[in-house]
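Have a look at the structure below, then the notes.
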Ligand SMILES: NC(=O)c1ccc[n+]([C@@H]2O[C@H](COP(=O)([O-])OP(=O)(O)OC[C@H]3O[C@@H](n4cnc5c(N)ncnc54)[C@H](OP(=O)(O)O)[C@@H]3O)[C@@H](O)[C@H]2O)c1
């Protein structure tokens, strides 16, 4: 029997990790939230986790308020503590007790401007030789792309990745993007984009949505299942990208949502500068997955989610 510790167990992802592991008799699950442990306190992390001696630690706790941490110094300090430093504390204790650590990270570690690949054999950036004829470049950031966050939140998540790499031994860093699923159970629970847009449709005949920031959505139950699969198949330790297939802008996603949910509210595409936000967002943040079997498309996952919340 494997002892698995899930931290941030009431969060959007954490609750799905609990569901997936507790249904399997091979695991003994300990689900901790802020009431059980404050992972920004290194002494607590050392003492409580050394006492529990889990074989696997899944860290789904994070500071996710992208705009608040951009404009407010105190919020940024909180984000650094939780996203930047705490993963290093977990990595140290995981190494000491020989546990596997899973740390979740984000597409926001990337700049938004991916390199455009050339077809094999084309030496330069000609963009026009015969090799380009049937070549469809895969645009996005793979697991080895150089992170270059454009806002403070992304910088804190990158600090966390680096802290795990520096202090850990048996670890997976799993990057995801635009998480959706059942809202977290905590007091400051943030609704996912799809839930926000479902609520907006009840109040408006027309909504505006940004037709930029192309990226992938990640369905929390799919990510939880894939996390278990990565661990059980003993994939090599390192960085993984896990998101549902189907790059889209926010606008394209709302159009799809309303079509599926048979909602009549109109959707107008707008530029990102119509909704000025304190933190910059990557223009394109598609996570390319070169190491794992792909997840299903976000459209299939969204269909399931809509059925589930009916
Ligand atoms: N949400 C997204 O769109 C998105 C996108 C990319 C990456 N990610 C990453 O995915 C992972 C999961 O995110 P999520 O959206 O599921 O998070 P979430 O719903 O905000 O949940 C985070 C959990 O962490 C707990 N927590 C907060 N401070 C803590 C502390 N000091 N010690 C222990 N636990 C603490 C919270 O407890 P309380 O409820 O008591 O505060 C909450 O249950 C994170 O690494 C996040 O950065 C998320």
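Every number here is computed from the coordinates shown, using simple stated rules; none is lab data. These figures come from a predicted structure and were not determined experimentally. Cβ sites come from the backbone with ideal geometry, for glycine too, and all protein chains shown count toward neighbours.
Here the simple spin-label model places points 7 Å from the Cα toward Cβ, and for residue 133 and residue 205 these points are separated by 5.4 nm. Placing R0 at 25 angstrom, the Cβ-Cβ distance between residue 26 and residue 143 gives a FRET efficiency of 0.30 after rounding to 0.05. Choose one answer from 243, 261, 120: the residue with the largest mean-square fluctuation in a GNM of the chain with alpha-carbon springs under 10 Å. Among 243, 261, 120, the largest mean-square fluctuation in the Gaussian network model of the chain belongs to 120.
Could you state the angle between the C-alpha long axis of helix 298-309 and the longest principal axis of the C-alpha atoms of the chain, as a value from 0 to 90 degrees rounded to the nearest 10? It is inclined by approximately 60 degrees. Kindly state, to the nearest 0.05, the FRET efficiency for residue 293 paired with residue 169, given R0 = 45 Å and r defined as their beta-carbon distance. The computed FRET efficiency comes out at 0.95.
Is the shape of the stretch 131-224 rounded, prolate or oblate, going by the alpha carbon gyration tensor and its root eigenvalues a ≥ b ≥ c, with a/c under 1.5 for rounded and a/b larger than b/c for prolate? Here the stretch 131-224 falls in the oblate category. Ordered by the number of other Cβ atoms lying within 10 Å of each residue's own Cβ, fewest first, 285, 130 fall into the sequence 130, 285. By the count of neighbouring beta-carbon atoms within 10 Å, fewest first, 32, 250 end up ordered 32, 250.
In the chain, the longest principal axis of the Cα atoms and the axis of helix 42-52 are about 70 degrees apart. Judged by the mean number of other Cβ atoms found within 10 Å, the most tightly packed of the peptides 57-68, 18-29 leads the ranking 57-68, 18-29.
Sorted on the mean count of surrounding Cβ atoms within 10 Å across their residues, most packed first, peptides 84-93, 221-230, 140-149 read 84-93, 221-230, 140-149. With each label modelled as a point 7 angstrom along the Cα→C-beta vector, the residue 46-residue 233 pair spans 3.8 nm.
Dividing the helix sum by the residues of the chain, where each DSSP H run of 4 or more adds -39500 (n - 2.57), gives a mean residue ellipticity at 222 nm of -10500 deg cm²/dmol.
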